[in-house]
1. Looking at (1) modelled with pLDDT of 95 or more; (2) farther than 18 Å from Gln6 by Cβ, can you tell me which one Asp47 breaks?
2. Please indicate, with yes or no, whether at least one residue in the range 31-52 is over 24 Å from Ala117 (Cα atoms), surrounded by fewer than 18 Cβ atoms within 10 Å (Cβ to Cβ), charged (D, E, K, R) and within 13 Å of the chain's Cα centre (by Cα).
3. For the range 1-112, please list each of the strands (runs of 3 or more DSSP E) lying entirely inside it that holds at least 3 residues being touching a residue at least 24 places away in the same chain (Cβ under 8 Å).
4. So Ala117 clears everything in (1) farther than 15 Å from Asp33 by Cα; (2) without any contact (Cβ under 8 Å) to a residue 12 or more places away in the chain except one condition, right? Which one?
5. Given the condition in contact with a Lys or Arg (Cβ under 6 Å, 6 or more places away or on another chain) and modelled with pLDDT under 90, answer yes or no: does some residue in the range 83-92 qualify?
Amino acid sequence: MKLGWQAEKWLKKKAKQGFRGYPAGTIAFYGPDDTRASKVAVSIVEDDHTEPTEIHRWFAETGDLRKDAAISVEIAEFLKSHGVHTVGMTSGILGCPHEEGVDYPDGEACPQCPFWAGRDRWANFKPGV
């Protein structure tokens, strides 16, 4: 019995394929700590000489966006609508969902996410799915 299109499966498969050309989509998860993603940022990169042309963000007050099937569908549809050939996706949470210089002053720790204060968010970073 076919279950229909599965966005999460499509996203993971695209990410595992590695670089397949441009445009490329990036998916990064952020959260108040390293256990729950409350924000996901997805961007479109047209070529290796340009900054992302579009960035879309999703937020959740509760739950983990990495496990939200409806959000996976929206992310996949966003990427498909831009005709991406490559998807780069983190397997873990990259850091605080708040933006330095926007939500709190540059160079300071986020007052809302004490978990990330003084942590090297790249120390345990593993790209992939």
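The values are calculated or read from the model by the stated rules, or taken from the named source; none is laboratory data. All of these numbers come straight from a predicted model, not from anything done at the bench. Because the Cβ atoms are built from the backbone with ideal geometry, glycine has one as well, and the counts that use them run over all protein chains shown.
1. In the conditions (1) modelled with pLDDT of 95 or more; (2) farther than 18 Å from Gln6 by Cβ, Asp47 misses (1) alone.
2. So far as the range 31-52 goes, no, none of its residues is over 24 Å from Ala117 (Cα atoms), surrounded by fewer than 18 Cβ atoms within 10 Å (Cβ to Cβ), charged (D, E, K, R) and within 13 Å of the chain's Cα centre (by Cα).
3. Where strands (runs of 3 or more DSSP E) fall fully within the range 1-112 and carry at least 3 residues being touching a residue at least 24 places away in the same chain (Cβ under 8 Å), they are 24-30, 39-45, 86-93.
4. For Ala117, the failing item is (1).
5. Taking every residue of the range 83-92 in turn, at least one turns out to be in contact with a Lys or Arg (Cβ under 6 Å, 6 or more places away or on another chain) and modelled with pLDDT under 90.
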